[in-house]
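Reviewing the structure listed below.
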Protein chains: 2
Amino acid sequence: MPKRVDHAQRRTEIAEALVRVAARRGLHAVGMRDVAAEAGVSLRLVQYYFETKEKLLLFGLQHLTERFGERVAARVRAAGSSPGPRAVIEALLMAALPTDDESRTFHFLYTSYAVLSVTDEALAAQPFIANPDAAEDTLTGLLRQAQEADLTGPGIDARDEAVSLLAMSAGLGTSILVGQRSPESATAILNLHLNRIFRVG
Amino acid sequence: MPKRVDHAQRRTEIAEALVRVAARRGLHAVGMRDVAAEAGVSLRLVQYYFETKEKLLLFGLQHLTERFGERVAARVRAAGSSPGPRAVIEALLMAALPTDDESRTFHFLYTSYAVLSVTDEALAAQPFIANPDAAEDTLTGLLRQAQEADLTGPGIDARDEAVSLLAMSAGLGTSILVGQRSPESATAILNLHLNRIFRVG
DNA sequence: ATTTTTATGGTACGGTCGTATCACAATCGC
DNA sequence: GCGATTGTGATACGACCGTACCATAAAAAT
């Protein structure tokens, strides 16, 4: 057999090829041959590492969310060595908006997968539904932290605000994606609500 | 020639067949043969009334938005003979949430089209981008009305709140669609923000 | 050195899809 | 009544797609 290759890395390379071609032509239009060509391998190789297209798509989603999670974490770390809750929340929400190529690709493909999951039960069963819940919990926790530090205004329910902010972020993100709204106006709206939640200071 | 049939109505029937099958199996999976079978006509007929699949899809989107616009208008009318701005806004926002089969289908297919429009320029050129702008203008106008009637709290910018409410409604709608959130919790969140915008009384 | 296992390439098969073609029925204008 | 026009059916074509099959090169195991 040939040069004992690292399967995990090979699968990652192919998955990233999938992401690239899907970002370019749409998830519905991607075929195994396209992925193979984009990755610079033969069709047979794609079949070898992912037996079926469905498995390739599932792994692609998994890889996409992992990579994006790392990116968000990096953004949060970059928000300062000991950032306040508001800075962390801002970093979180802004990272989720499709403002550059990478976040745009993520938002686009994630939404594509979400739409597919409505009619595809294999996708619906995927833990890709768990991620938004995790984001909601994280954001709720940060808001509670801010409340305990007396940084917030009165009459604020942490979970309600977390849900609101995430829903708004998702809605604004889609607006940006389809070209209806600019990233700047979207961040302005989010900051407006953060100013409402956090005490001025 | 044969029994002089009403073309407009025939096209509507076929478009509704398209909507039904797309709602069942996903927009990406719908073929001309499926539409023909669902409408109870031959494949040739679908080709006759819409020369190409692209034209069928475009007309389907147009029909979908028209039907939904009528539905929202009906809901608003049903909100009372002389409803206050808040009642109208509530009716608007609630009608946009996927709470029953019809609104669910609309939200699902509209999002599907939106995702497609990112990579399909024929769809991107469609006025289906104009509709959200119209909704934003309408909602902004209603909020201004409320402000003039002194129904709102202080520090409210009508357009900003309109954008926020619509983004939230869209984001919450998607959450409902993928089964992550219940319609009840979504309406609760929206009402929370309406309570914030409108003075209590 | 030979066998066995892993990796890779090439290619063919069956199905489906959008579209085009051919045929014909039914009705209106004349 | 007749030719022109419009509606409808059946079917064929070419392209693609996912998958399966066959071959083989190369390294590890013996």
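The values are calculated or read from the model by the stated rules, or taken from the named source; none is laboratory data. Given the structure is predicted, the values throughout are model-derived calculations rather than measurements. Because the Cβ atoms are built from the backbone with ideal geometry, glycine has one as well, and the counts that use them run over all protein chains shown. Surface areas here come from the heavy atoms of the whole protein model, side chains and all, with no ligands, DNA or RNA. Shrake-Rupley method; radii C 1.70, N 1.55, O 1.52, S 1.80 Å.
Residues in the range A:132-158 that are in contact (Cβ under 8 Å) with a residue 60 or more places away in the chain, part of a helix (DSSP H, G or I) and open to solvent by less than 70 Å² (accessible area, probe 1.4 Å): 1 in all.
When B:Gly179 is tested against the conditions (1) facing another protein chain (nearest Cβ under 8 Å); (2) part of a helix (DSSP H, G or I); (3) more than 16 Å from the chain's Cα centre (by Cα), the lone failure is (2). Evaluate the following for A:Arg67: is it of a type outside the set (S, T, N, Q), outside the structural domain of A:Leu172 (by TED's automatic domain parsing) and without any contact (Cβ under 8 Å) to a residue 60 or more places away in the chain? Answer is no for this residue. What tally of residues in the range B:14-41 results from selecting those that are of a type in the set (D, E, K, R) and open to solvent by less than 80 Å² (accessible area, probe 1.4 Å)? Here the count works out to 3. Within the option set A:Thr111, A:Thr187, A:Thr119, A:Thr138, being over 29 Å from B:Ala135 (Cβ atoms), of a type in the set (Ser, Thr, Tyr) and out of contact with any Cys (no Cβ under 9 Å at 6 or more places or on another chain) holds for one residue only, A:Thr138. For the range B:62-79, the count of residues that are at pLDDT 95 or above and either within 14 Å of DNA strand D (Cβ to nearest atom) or farther than 30 Å from B:Leu143 by Cα (or both) is zero. Taken over the range B:18-63, the residue count meeting the criterion of being farther than 16 Å from A:Leu116 by Cα, not in a helix (DSSP H, G or I) and not small (Gly, Ala, Ser) is 4. Looking across the range A:105-131 at every residue that is facing chain B (nearest Cβ under 9 Å) and aliphatic (A, V, I, L, M), the one that is surrounded by the most Cβ atoms within 10 Å (Cβ to Cβ) is identified as A:Val115.
Would you check if there is a residue in the range A:66-84 being surrounded by 14 or more Cβ atoms within 10 Å (Cβ to Cβ) and closer than 21 Å to A:Ser175 by Cα? Checked the range A:66-84: at least one residue is surrounded by 14 or more Cβ atoms within 10 Å (Cβ to Cβ) and closer than 21 Å to A:Ser175 by Cα. If you go through the range A:70-80 one residue at a time, do you hit one that is within 14 Å of chain B (Cβ to nearest Cβ) and more than 16 Å from DNA strand C (Cβ to nearest atom)? No, the range A:70-80 contains no residue that is within 14 Å of chain B (Cβ to nearest Cβ) and more than 16 Å from DNA strand C (Cβ to nearest atom).
Condition test on B:Val35, is it more than 14 Å from every other protein chain (Cβ to nearest Cβ) and within 11 Å of DNA strand C (Cβ to nearest atom)? Criteria met by B:Val35.
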